[in-house]
Structure formats: C-alpha cells, structure tokens
1. Taking θ = phi - 60°, what integer Hz values does the Karplus form 6.51 cos²θ - 1.76 cosθ + 1.60 yield along segment 97-108, in sequence order, with x for Gly and Pro?
2. Take every Cα pair under 8 Å in the chain that's 6+ residues apart, average their separations, divide by the length, and report that relative contact order as a whole percent.
3. At Glu117 and Thr35, where each label point lies 7 Å from the Cα along Cα→Cβ, what is the point-to-point distance in nanometres?
4. Please list the three semi-axes, largest first and in whole Å, of the ellipsoid equivalent to segment 16-90, using sqrt of 5 times the eigenvalues of its alpha carbon gyration tensor.
5. From the square roots a ≥ b ≥ c of the eigenvalues of the alpha-carbon gyration tensor of the chain, which class results: rounded (a/c under 1.5), prolate (a/b over b/c), or oblate?
6. Identify which of Val111, Val65, Val89 has the largest mean-square fluctuation in a Gaussian network model of the chain, with springs joining Cα atoms closer than 10 Å.
7. Where Rh denotes the Kirkwood radius from the mean inverse Cα pair distance, what is Rg over Rh for segment 83-144?
8. Going down the table (Lys22/Lys132; Lys34/Lys132; Lys51/Lys132; Lys59/Lys113; Lys22/Lys135), which pairs top 25 Å between alpha carbons?
Amino acid sequence: MRSVIVLGICALVLMMSGCSDKPVIPEQLPVPVKTFIQQTYPGEAITFAQKDLELTGWKYEIFLVDGTHIEFDTDDMWDKIESPMTKPVPAHLIPAPIAAHLQANFPGTFVTKIDKERNGYDVDLATGIELKYNKQGALMEMDD
C-alpha cells in the first residue's frame, strides 16, 4: 500500500512540474508524425512543435504556417485537427459516415475542426455549428 502511495505522489509531482511541455525541432518528430504532415499537408512548413508528457507517454502538438493545429496521441496518430476558418480539414480524414451526413445535411460548408474523442468525434463546421458523432458516425448532438 505504501508503494502505491509513493508512486502516486511521484506521478503527481511529475505532472505538476513545469517540464512536461517541451519544444521540439521538426527533425526530431517521430517518423509517423512527419510522414502524416508531409502527405496530408505537402509543402506546409512547421512553425512550432512541442511534445507533452502524459501519463501514457508523449503527445505532440504541431502548428503549421497556414495556421493549422494538429495534435497526435501517444501512438503518433492524429487526434485533433483544427484548420483556419478559411481552410477545410482534408476530406480524407473525415470518416465516411460523417462525411455522408455532412454532405446531405450541411451542403456548402466544410469542417474546420475534427477531434477524436473516447466515444466518437467532435466536428466543427465553418458556419459555427458544432456536431458530436458516435464511433459509428451517427449524429448524437448538435450545437450552433
């Protein structure tokens, strides 16, 4: 029991220390992160990158010249993408059922943010509408 308490205190101290966020130069990013950026945003330069220490490992936050903000999880997979209000999130990143729902119900607008959540996806549209979908792509909630 004592070792569990000590481990918990150590974890808390580590989380509360100011060293959990560290800038990183683009060349030091993991290969899957660099590959994703090169393939999804060809020609876009990274203006800032940082790694954040989480309980499960390192996460990365990337900011591109065009204003796009991408977060990667501890498995180096994209977790959240926010584009500037004038630029859509790349269509191939939006799950097919969600893309079909958006095309049918919100023609003429585009996705500016997609965030993978535990139970599905949060999606923001350029019109200001916020949508929540479950993992299967069914609409669960809408807010404007």
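1. Working through the residues one at a time gives x, 6, 4, 5, 4, 5, 4, 6, 10, 9, x, x Hz.
2. 13 percent
3. Inter-label distance under the simple model: 3.0 nm.
4. The three semi-axes for segment 16-90 are 21, 13, 12 Å.
5. Oblate shape, in that a/c is at least 1.5 and b/c is the bigger or equal ratio.
6. Val65
7. 0.91
8. Listed pairs above 25 Å: Lys22/Lys132; Lys34/Lys132; Lys51/Lys132; Lys22/Lys135.
Each reported figure results from applying straightforward, stated rules to the coordinates on display, with no laboratory input. Everything numeric here is computed off the predicted structure, so don't read it as measured data. Counting neighbours? That spans all protein chains shown, and the Cβs are built from the backbone with ideal geometry, glycine included.
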